[in-house]
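Worksheet for the structure shown next.
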Amino acid sequence: MGTVLKLGGELLEDAAAVRGAATAIVRLAGREPLVVVHGGGRAIDAELRARGLEPRFADGLRVTDAATLDSVVAVLAGRTNTALVAAVGLAGGRGVGLTGADASIGLSIKAAPLSASNGEVVDLGLVGEPAGTDASLVTDLLRLGYIPVVASVGVSADGTLLNVNADTFAAHLAAASGARRLIIAGTTRGVLDESGAAIPEVDEAAVARLTSSGTAHSGMVAKLTACRHALAGGVRSVSIVNGRGVEDFDAAVGTIVR
C-alpha cells in the first residue's frame, strides 16, 4: 500500500484551507494509493467552548468525558469529514468518508490512565487506544480507486464510541494496512530543537532526549509516539511536516523520524 496522510484539524479550519488540502490530496492520490486520516483540533475546542465546556489535555491527548465526546463526534464525523470529502470530489477525487466505527477500522480499547510527562497520572476518560485495527475496508476501497477519508473516532468491541488521537489512529492504520509511509501534516515545521529550529532527522535516542528535556511537549509527544509505533509496525518512511498551504505533500518540509 502507498501512503497514510494524517491531516491536523488546524489545516482544515476554513473553506479555503479545506479546498487547498483537497487539491493536494487528489494530486498525491494520483501517484499512489492514499488514505487520509484527519483530526479536528481547534474546531473541537471551539465547539466545546460554544457548549460552555473547557478543553483539557494531557501530553497532547484530549481528556474526554461524555459531553466532550459528543462534541468530538459532531465535529469530526459530521462537519469536518463531510466538508473534506466534498472538497476532494470537487478537486476530481473519489473520496469516501469514514470513521473508525466503520467495519472496525478503529477498533479500540479504553485507554489506561496516562502517566504524563509532568509526573501526573491522568484518567483520559472516553479516549481509545487502537487494538486490532482492521484495514480490510480501506484496502478494498483503495483497490476500487477511492480515497478513504477517515475521521479519528474509534469504537470498542461493545459499540462504545471513543475519541482516538488522530496521530495514533493514523500510525496504527498505516501499520495495519501495510503502508509504505506515514506523513503527519500539521502547522509546525517538524520537530524543533531547543532553539526552535526544525531538526531534519531524529532517531530513537533523539526522541527520548527531546521528550525527557521537555523540548518536545504537548501534541508533539503524541506525534513522536505515533511515529515510533508506525516504524515498529513496518512502515518504512515516517515524517512530520508543515502542511499549511502546500500544493503537494511530497514537497512539504519537516522532520524524518527513524
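For the subset of region 179-224 comprising residues that are out of contact with any strand residue (DSSP E or B) (no Cβ under 6 Å at 6 or more places or on another chain) and among the acidic types (Asp, Glu), which member is modelled with the lowest pLDDT?
GLU204
Might you let me know whether region 167-190 holds any residue that is within 21 Å of ALA131 (Cβ to Cβ) and among the aromatic types (Phe, Trp, Tyr)?
yes
Looking at ALA67, ALA103, ALA83, can you tell me which residue is under 23 Å from LEU11 (Cβ atoms) and either out of contact with any strand residue (DSSP E or B) (no Cβ under 7 Å at 6 or more places or on another chain) or touching a residue at least 60 places away in the same chain (Cβ under 8 Å) (or both)? Quick ask: steps written out before the conclusion?
On the way: ALA67 fails: under 23 Å from LEU11 (Cβ atoms); ALA103 fails: under 23 Å from LEU11 (Cβ atoms).
Exactly one of ALA67, ALA103, ALA83 is under 23 Å from LEU11 (Cβ atoms) and either out of contact with any strand residue (DSSP E or B) (no Cβ under 7 Å at 6 or more places or on another chain) or touching a residue at least 60 places away in the same chain (Cβ under 8 Å) (or both), namely ALA83.
Taking the options ALA103, ALA112, name whichever one is under 19 Å from PRO130 (Cβ atoms), more than 16 Å from the chain's Cα centre (by Cα) and assigned to a helix (DSSP H, G or I). Spell out the reasoning first.
On the way: ALA112 fails: assigned to a helix (DSSP H, G or I).
After applying the criteria, what remains is ALA103.
Pairs, please: C-beta under 7 Å, at least 6 apart or cross-chain, first residue on the phi < 0 side of the Ramachandran plot and in region 19-46, second part of a helix (DSSP H, G or I) and hydroxyl-bearing (Ser, Thr, Tyr)?
VAL35/SER177; HIS38/THR80; GLY40/THR80; ALA43/THR80; ILE44/SER71
The values are calculated or read from the model by the stated rules, or taken from the named source; none is laboratory data. Just so you know, these numbers come straight off a predicted model, no measurement behind them. When we count neighbours, we look across all protein chains shown, and the Cβ atoms used for this are built from the backbone with ideal geometry, even at glycine.
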